[in-house]
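Heads up, the thing below is written out as structure tokens.
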């Protein structure tokens, strides 16, 4: 099977900016180490303060505004991304005036520096990217039954600007995931399990039969369902990697072991049975 790899400087600009804003839920991209690095390169630390002025409105209207972290995927370039932000029909006039237009002004101010930085990283990683893509494609191909079952390909968008919390993106033709670009072996495993996690959301979230959001516990439950599904998938197609998968979970503060796994991620008998049915059907095809 083929895995498509993408890189997008306009998307990374949006993520780079959002990485400077602390968010009080699981979508948080905030990274002090990255912020310090960027401030040193720019010789200017004002971006953090600028984007922080928008954080209260963003948090208060998160269920609408969270899509700024997803919409760039559907845009060909920076100008189309800005136009999409300004014309997205779910944003209210207040959203446009109090968040979207100020956010775009920050992006415009940051773009000259960031696009030069992004291109320099992209050029410097040319040889590394070829190796990463080949290895990543080989890992994804182990799960070919998942993609064949849904008649979709795999698409991975590598970001140079996020250090945590990937994104799963709806796409009619692909299971799509945005993850940090891995610069070494340790980061590779982390990026791969993150991509697998985001792919799996797209086949398990429907089991919850509700609109998933951060406020009512449904997002946390959806995460547990994905963690369980990936355990079963890895156990079936690449059992030697189960230990690495548990180690990846522990890197987020989870105390996951083989002994306590199903107790730790208890989603209830009915949901667990539905999840097993989905996984068994995929693996049986």
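The values are calculated or read from the model by the stated rules, or taken from the named source; none is laboratory data. These numbers come from a predicted model, not from an experiment. Ideal geometry is used to build each Cβ from the backbone, glycine not excepted, and the neighbour counts take in all protein chains shown.
Values computed for the structure shown
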{"read-out": "Selected residue (only one of 261, 193, 265 is in the same structural domain as residue 145 (by TED's automatic domain parsing) and under 15 Å from the mean Cα position of the chain (by Cα))", "value": "193"}
{"read-out": "Top-ranked residue in region 163-176 [being in a loop (DSSP other than H, G, I, E, B) and more than 9 Å from the chain's Cα centre (by Cα); ranked as nearest to residue 118 (Cα to Cα)]", "value": "163"}
{"read-out": "Condition met for residue 48 (touching a helix residue (DSSP H, G or I) at 6+ places or on another chain (Cβ under 7 Å), part of a helix (DSSP H, G or I), at pLDDT below 95 and closer than 21 Å to residue 105 by Cα)", "value": "yes"}
{"read-out": "Selection count where residues are in contact with a strand residue (DSSP E or B) (Cβ under 8 Å, 6 or more places away or on another chain) and either surrounded by fewer than 14 Cβ atoms within 10 Å (Cβ to Cβ) or assigned to a helix (DSSP H, G or I) (or both), scope region 51-83", "value": "2"}
{"read-out": "Unmet requirement for residue 134, which otherwise passes all of (1) in the same structural domain as residue 220 (by TED's automatic domain parsing); (2) surrounded by 13 or more Cβ atoms within 10 Å (Cβ to Cβ); (3) more than 18 Å from residue 199 (Cβ to Cβ)", "value": "(2)"}
{"read-out": "Residue match in region 143-157 (condition: part of a helix (DSSP H, G or I), outside the structural domain of residue 12 (by TED's automatic domain parsing) and under 27 Å from residue 18 (Cβ atoms))", "value": "no"}
{"read-out": "Filter pass, residue 33 being closer than 19 Å to residue 181 by Cβ and under 15 Å from the mean Cα position of the chain (by Cα)", "value": "no"}
{"read-out": "Criterion violated by residue 76 - all others in (1) within 22 Å of residue 156 (Cβ to Cβ); (2) touching a helix residue (DSSP H, G or I) at 6+ places or on another chain (Cβ under 7 Å); (3) free of Cβ contacts under 8 Å to residues at least 24 places away in the same chain satisfied", "value": "(2)"}
